[in-house]
Amino acid sequence: MNRDEQLRFARQLILPEVGGKGQQRLLNARVLVVGAGGLGCPATLALAGAGIGHITIADPDTIEMTNLHRQLAYTEEDLGRPKADVLAREAQRRGCRQALAIRKRLDSSHLAPLMREVDLVLDGSDNFETRFAVADACVRGHRPLVYGAITGFSAHLFLQPAGGEPCLRCLFEAPPTDAMSCADAGVLPGATTMVGGLMAQAAIGIILKSWSLPWGSLQVGELRQFRWRQIDLQPRSDCQCTSEPT
Ligand SMILES: [Zn+2]
């Protein structure tokens, strides 16, 4: 760490859970963020601020006016630009040494090789097809997954252990067909920023390994009354994550 980095990270270096060794872990960490929207923006900015050294951001979309109220990394000047590019630029501005952009909707063919290049994955994407592809790739590639979702005032957070058991399919089995998106249900910027921030916090906890995390349980938040409940999930015996790899 150089002198500038010591100053930049001073307020987290004094945490016993971080310290010099922990900061080095953060600087060496490689994180994939899927979705550069309401959750991906605050999560990525918090990861970059904490000094995560390598962040890869995947999103196929360009920035639209309806994104600006909650996707706080973007301004009117960025309208029409690819989200992944702009968020990668903002991450580098905030202390990330290397931020890469993938301007694609990821499927299993992209995800399998990517797993070898990252230590963990954050998923804040906006569709269940991508979410299941990401969760499956994490099981197969043995990478931990931080899953965040928000609809209206309802938040979901799930930490899928490397290798699953339980995985997202233990929870849902298949993509729900009646799921509503932010475009259908609406959402407030404070809510997305909070959940994205918690996703970054969980990711940093995974990298530091200095506190215990609620692996395999679903956190369900009601964001008007600040009520959270935890649902402990059991691996399904017929799920892909519990079967021996072939
Ligand atoms: Zn499973």
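The values are calculated or read from the model by the stated rules, or taken from the named source; none is laboratory data. Quick caveat, the model's predicted, so the values are computed rather than measured. Please note: Cβ atoms are built from the backbone with ideal geometry, for glycine as well, and neighbour counts cover all protein chains shown.
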Could you tell me which of the residues ALA10, ALA48 is surrounded by fewer than 15 Cβ atoms within 10 Å (Cβ to Cβ) and among the small types (Gly, Ala, Ser)? ALA10
Positions within region 199-246 being within 19 Å of the chain's Cα centre (by Cα), basic (Lys, Arg) and either crowded, with 16+ Cβ neighbours inside 10 Å or within 15 Å of LEU168 (Cβ to Cβ) (or both), in sequence order: none
LEU159 meets each of (1) more than 15 Å from CYS241 (Cβ to Cβ); (2) at pLDDT 95 or above; (3) aliphatic (A, V, I, L, M) with one exception, condition (1)
How many residues does region 60-94 contain that are in a loop (DSSP other than H, G, I, E, B) and surrounded by fewer than 20 Cβ atoms within 10 Å (Cβ to Cβ)? 11
All but one of (1) touching an Asp or Glu at 6+ places or on another chain (Cβ under 7 Å); (2) more than 26 Å from GLN201 (Cβ to Cβ) hold for THR62; which doesn't? (1)
Count - residues of region 116-129 that are hydrophobic (A, V, I, L, M, F, W, C) and within 10 Å of ARG30 (Cα to Cα): 3
Condition met for ARG131 (in contact with a Pro (Cβ under 8 Å, 6 or more places away or on another chain), touching a residue at least 12 places away in the same chain (Cβ under 8 Å) and either surrounded by fewer than 18 Cβ atoms within 10 Å (Cβ to Cβ) or of a type in the set (Gly, Ala, Ser) (or both)): no
Take the residues of region 138-153 that are in contact with an Asp or Glu (Cβ under 9 Å, 6 or more places away or on another chain) and either hydrophobic (A, V, I, L, M, F, W, C) or modelled with pLDDT under 95 (or both): which is farthest from ARG30 (Cα to Cα)? PHE153
Going through region 123-167 one residue at a time, which ones are closer than 20 Å to GLY186 by Cα, away from the ligand (no atom under 16 Å from the Cβ) and either of a type in the set (D, E, K, R) or in a helix (DSSP H, G or I) (or both)? ASP126
Filter result for the condition that a residue is crowded, with 21+ Cβ neighbours inside 10 Å, in a helix (DSSP H, G or I) and of a type outside the set (S, T, N, Q), over ALA36, ALA43: ALA43
ALA174 vs (1) of a type in the set (Gly, Ala, Ser); (2) away from the ligand (no atom under 16 Å from the Cβ); (3) over 30 Å from ALA48 (Cα atoms): all pass except (2)
